[in-house]
Structure formats: structure tokens, C-alpha cells
1. Kindly indicate whether V65 is part of a helix (DSSP H, G or I) and touching a strand residue (DSSP E or B) at 6+ places or on another chain (Cβ under 8 Å).
2. What pairs can you find where one residue is in the stretch 138-152 and at negative phi, the other is among the charged types (D, E, K, R) and open to solvent by 100 Å² or more (accessible area, probe 1.4 Å), and their Cβ atoms are less than 8 Å apart, with a gap of 6+ or different chains?
3. Are there any pairs with C-beta distances below 9 angstrom linking a residue in the stretch 89-105 that is farther than 14 Å from V130 by Cβ to a residue that is surrounded by fewer than 12 Cβ atoms within 10 Å (Cβ to Cβ), with the two at least 6 apart or on different chains, and if so which?
4. Residue check: is M133 at pLDDT 95 or above, within 14 Å of I61 (Cβ to Cβ) and in contact with a strand residue (DSSP E or B) (Cβ under 8 Å, 6 or more places away or on another chain)?
5. If D68 satisfies every condition in (1) closer than 26 Å to Y104 by Cα; (2) out of contact with any Ser or Thr (no Cβ under 9 Å at 6 or more places or on another chain); (3) surrounded by 15 or more Cβ atoms within 10 Å (Cβ to Cβ) but one, which is the exception?
6. Can we say I61 is in contact with a Ser or Thr (Cβ under 8 Å, 6 or more places away or on another chain), aliphatic (A, V, I, L, M) and over 20 Å from V149 (Cβ atoms)?
7. For W145, work out the one condition from (1) over 15 Å from D68 (Cα atoms); (2) modelled with pLDDT of 95 or more; (3) open to solvent by 90 Å² or more (accessible area, probe 1.4 Å) it doesn't fulfil.
8. Only one residue in A132, A85, A52 is more than 30 Å from L12 (Cα to Cα) and either without any contact (Cβ under 8 Å) to a residue 12 or more places away in the chain or loosely packed, with under 14 Cβ neighbours inside 10 Å (or both), so which one is that?
Amino acid sequence: MDRIDSRLLEALQADSQASISVLAEKIGLSPSACHRRIKALEDAGIIRGYGARVDAAKVGIGLHVLIDITLVSQSREAMERFERAVGDFPDILECHLLSGTADYRLRTAARDMADFDRLHRECLARLPGVSAMHSSFVIRTVKGWNGFVLGV
């Protein structure tokens, strides 16, 4: 990966629907060279896919919740069992293994508090090996994630 690939990735992160010709012009490549580079980045697994950024409020999602999880045991088996269970619940949007006080941080979203209650009962309460769970409700997102800075 070189500087041109980095610039191309940043442009794609900003607008993955931009045409090859628009991307090529922005980066300073021919459309065919731009297409070859994108294909190479996809083949290498650097670009894992494309998606839409959905406005949560406009689709009725009003609560964003970060949940710190502490397990009873940090044994390999306990962690693997927990991680497999997390994968079974589509309501869990992200799961990160942490250093520090909590073992994991989950990110979920719900329509409202009643929907979060459902999510808690049907999903979070069923996760194996949990000794403590601390939920924090996002009041407002000050800066959302818009892609990696690649040093361009």
C-alpha cells in the first residue's frame, strides 16, 4: 500500500458511491488505474465491503448504549463462550475486548427505553459468565466515526 492507495481509501471512506472517474480525478489517476487499485485493495481484504451510514433517529432509533461487561472468569473457555454468545445476538452492534476494569464493552442501540428493556431481558441477561454489567446511555454524539485517518 502506498500514498496513492491511502488517498484512495480516504476518498472511498468519505463517499463510497463516488464513481471511478470522480475518484480517479480526485486522486490524480486514470479511471482504469483507479479501478485496478480498488480491485487490488478489495482482493487484499483491505476494503472489506461497502455500506450505507443510516441516520439512527430517522429510522426510529433513539437510544445508544455502551455496556461494560465484567466476567466471572477470564479463562480462555469463559471468554470464548461469551464471545460466541455475543455473535448470536444481532442487537449487539459491537463488542470490544478491553484492558482495564471491564473485560468487554458492547455497543447497542434501541428505539426507546422499553425496547432497551426488551434487549436487556432477551439478549444481555442471557450472556454467559457475566458478573457485572454497567450501562451508559449516550446523551449526544459529539463526533461520530467517519473512517480511519491514513496519514495522507
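The values are calculated or read from the model by the stated rules, or taken from the named source; none is laboratory data. All values derive from a computational prediction rather than experimental measurement. Cβ: placed from backbone, ideal geometry, glycine included. Neighbour counts: every protein chain shown. Heads up: the accessible areas ignore ligands, DNA and RNA and are worked out on the full protein's heavy atoms, side chains in. Shrake-Rupley method; radii C 1.70, N 1.55, O 1.52, S 1.80 Å.
1. no
2. Sorted first by the residue in the stretch 138-152, then by its partner, the pairs are V152/R3.
3. D91/E122
4. On the way: at pLDDT 95 or above: yes; within 14 Å of I61 (Cβ to Cβ): no; in contact with a strand residue (DSSP E or B) (Cβ under 8 Å, 6 or more places away or on another chain): yes.
Criteria not met by M133.
5. (2)
6. For I61, the condition - in contact with a Ser or Thr (Cβ under 8 Å, 6 or more places away or on another chain), aliphatic (A, V, I, L, M) and over 20 Å from V149 (Cβ atoms) - is not met.
7. Every listed condition holds for W145 apart from (2).
8. Of A132, A85, A52, the one residue that is more than 30 Å from L12 (Cα to Cα) and either without any contact (Cβ under 8 Å) to a residue 12 or more places away in the chain or loosely packed, with under 14 Cβ neighbours inside 10 Å (or both) is A132.
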